[in-house]
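Asker: After the structure tokens below, expect a handful of questions from me.
The values are calculated or read from the model by the stated rules, or taken from the named source; none is laboratory data. Source: prediction; values computed, not measured. Note that each Cβ is placed from the backbone with ideal geometry, even for glycine, and that neighbours are counted across all protein chains shown. The accessibility values were calculated without ligands, DNA or RNA, using every heavy atom of the protein model including side chains. Shrake-Rupley method; radii C 1.70, N 1.55, O 1.52, S 1.80 Å.
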Amino acid sequence: NPILISVLGREDIIAEYLTKDLGINKERIFFLNYLENGERVVQLEHYQQKTLDFIYKHIQDNHLKVLEVGGVPSDKDTIAKRLAKKNYMVTQIDLWSNIIEERYDGIHFMKMDANNTSFEDSSFDVIFGSAVLEHISNLDIFLKEMYRILDTNGIVVLHGAPIWNSHCGHHVYV
């Protein structure tokens with residue numbers, strides 16, 4: 001029997017569980033979302049698309065230096081990958097990554113604390129973080145650092161995702 005995944009935004013995780021952990025043939029798995037002419041279309045999650053749309057609306061230059069805070073190398077479609085395809089110079093930083101430094105899909109990734117970066121003043125035209133603010137333990141220090149490395153005419157697009165309780169807090173560990 002076919003399996004229809006109706007959850008939006010976590011389809012890949014569920015499909016991976018079904019195929020790898022339960023041994024279900026991927027041909028049996030269908031998605032409620034992402035179908036166009038019977039084919040699966042890769043889309044960003046809703047909050048990511050809103051971030052990308054905002055960036056496109058507010059930038060005109062084709063030679064921008066872009067920083068993503070909290071981005072990590074991924075096989076999935078991401079905001080950073082879409083910006084890199086438009087030939088923007090994209091850098092990603094994340095403190096919790098196992099990777100120290102890597103270049104992939106036109107993106108330069110660096111393991112780095114966003115509260116204390118090694119970038120020069122006015123290094124970036126666009127700084128963004130999609131679902132990142134809930135990971136920041138000291139918002140004042142973070143915002144001052146982002147302001148320092150942002151170019152005078154640059155833009156910052158940051159938002160957080162839902163925050164909920166768990167046994168160890170989500171996501172700020174203080």
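Asker: Could you list, in sequence order, the residues of region 28-60 that are modelled with pLDDT of 80 or more, farther than 19 Å from Leu83 by Cβ and open to solvent by 80 Å² or more (accessible area, probe 1.4 Å)?
Answerer: Arg28, Phe30 - these are the residues of region 28-60 that are modelled with pLDDT of 80 or more, farther than 19 Å from Leu83 by Cβ and open to solvent by 80 Å² or more (accessible area, probe 1.4 Å).
Asker: Just checking, does region 12-27 include any residue being among the hydrophobic types (A, V, I, L, M, F, W, C), modelled with pLDDT of 90 or more and surrounded by 14 or more Cβ atoms within 10 Å (Cβ to Cβ)? Write out each step before concluding.
Answerer: Restricting attention to region 12-27, the residues satisfying the condition of being among the hydrophobic types (A, V, I, L, M, F, W, C) are 13-15, 18, 22, 24.
Retained after the next criterion (residues that are modelled with pLDDT of 90 or more): 18, 22, 24.
Filter once more, keeping what is surrounded by 14 or more Cβ atoms within 10 Å (Cβ to Cβ): 18, 24.
Among the residues of region 12-27, at least one is among the hydrophobic types (A, V, I, L, M, F, W, C), modelled with pLDDT of 90 or more and surrounded by 14 or more Cβ atoms within 10 Å (Cβ to Cβ), which makes the answer yes.
To keep it simple, each residue is scored yes or no on (1) touching a helix residue (DSSP H, G or I) at 6+ places or on another chain (Cβ under 7 Å); (2) without any contact (Cβ under 8 Å) to a residue 60 or more places away in the chain.
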{"residue": "Thr51", "(1), (2)": "yes, no"}
{"residue": "Ser74", "(1), (2)": "no, yes"}
{"residue": "Thr78", "(1), (2)": "no, yes"}
{"residue": "Trp96", "(1), (2)": "no, yes"}
{"residue": "Glu102", "(1), (2)": "no, yes"}
{"residue": "His108", "(1), (2)": "no, yes"}
{"residue": "Thr117", "(1), (2)": "yes, yes"}
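Asker: List, please: which pairs have Cβ atoms under 8 Å, are six or more places apart or on different chains, and start with a residue in region 4-15 that is closer than 15 Å to Gln48 by Cα and of a type in the set (A, V, I, L, M, F, W, C) and end with one that is modelled with pLDDT under 80 and not in a loop (DSSP other than H, G, I, E, B)?
Answerer: Matching pairs, first to second residue: Leu8/His46.
Asker: From the set of residues in region 1-11 that are surrounded by 11 or more Cβ atoms within 10 Å (Cβ to Cβ) and touching a helix residue (DSSP H, G or I) at 6+ places or on another chain (Cβ under 9 Å), which is farthest from Glu45 (Cα to Cα)?
Answerer: This residue is Ile3.
Asker: Could you grab me the full set of residues in region 128-156 that are more than 12 Å from the chain's Cα centre (by Cα) and under 14 Å from Phe54 (Cα atoms)?
Answerer: Residues satisfying the conditions are Gly154, Ile155, Val156.
Asker: Can I ask one more? Consider Lys26 carefully, then state whether it is farther than 21 Å from His159 by Cα, of a type outside the set (Gly, Ala, Ser) and in contact with a helix residue (DSSP H, G or I) (Cβ under 6 Å, 6 or more places away or on another chain).
Answerer: On the way: farther than 21 Å from His159 by Cα: yes; of a type outside the set (Gly, Ala, Ser): yes; in contact with a helix residue (DSSP H, G or I) (Cβ under 6 Å, 6 or more places away or on another chain): yes.
Criteria met by Lys26.
Asker: In region 118-162, how many residues are surrounded by fewer than 19 Cβ atoms within 10 Å (Cβ to Cβ) and in a loop (DSSP other than H, G, I, E, B)?
Answerer: Result for region 118-162: 13.
Asker: Answer yes or no: is there a residue in region 67-81 that is over 28 Å from Ile13 (Cβ atoms) and either part of a helix (DSSP H, G or I) or charged (D, E, K, R) (or both).
Answerer: Narrowing region 67-81 to residues over 28 Å from Ile13 (Cβ atoms): none.
No, region 67-81 contains no residue that is over 28 Å from Ile13 (Cβ atoms) and either part of a helix (DSSP H, G or I) or charged (D, E, K, R) (or both).
Asker: Any residue in region 91-104 that is within 15 Å of Val156 (Cβ to Cβ) and part of a strand (DSSP E or B)? Before the answer, list the steps.
Answerer: Of all residues in region 91-104, those within 15 Å of Val156 (Cβ to Cβ) come to 91, 93.
Filter again for part of a strand (DSSP E or B), leaving 91, 93.
Checked against the condition, which is being within 15 Å of Val156 (Cβ to Cβ) and part of a strand (DSSP E or B), region 91-104 yields at least one hit.
Asker: Given the conditions (1) more than 20 Å from Tyr147 (Cα to Cα); (2) charged (D, E, K, R); (3) open to solvent by 60 Å² or more (accessible area, probe 1.4 Å), which single one is not true for Lys81?
Answerer: Single failed check for Lys81: (3).
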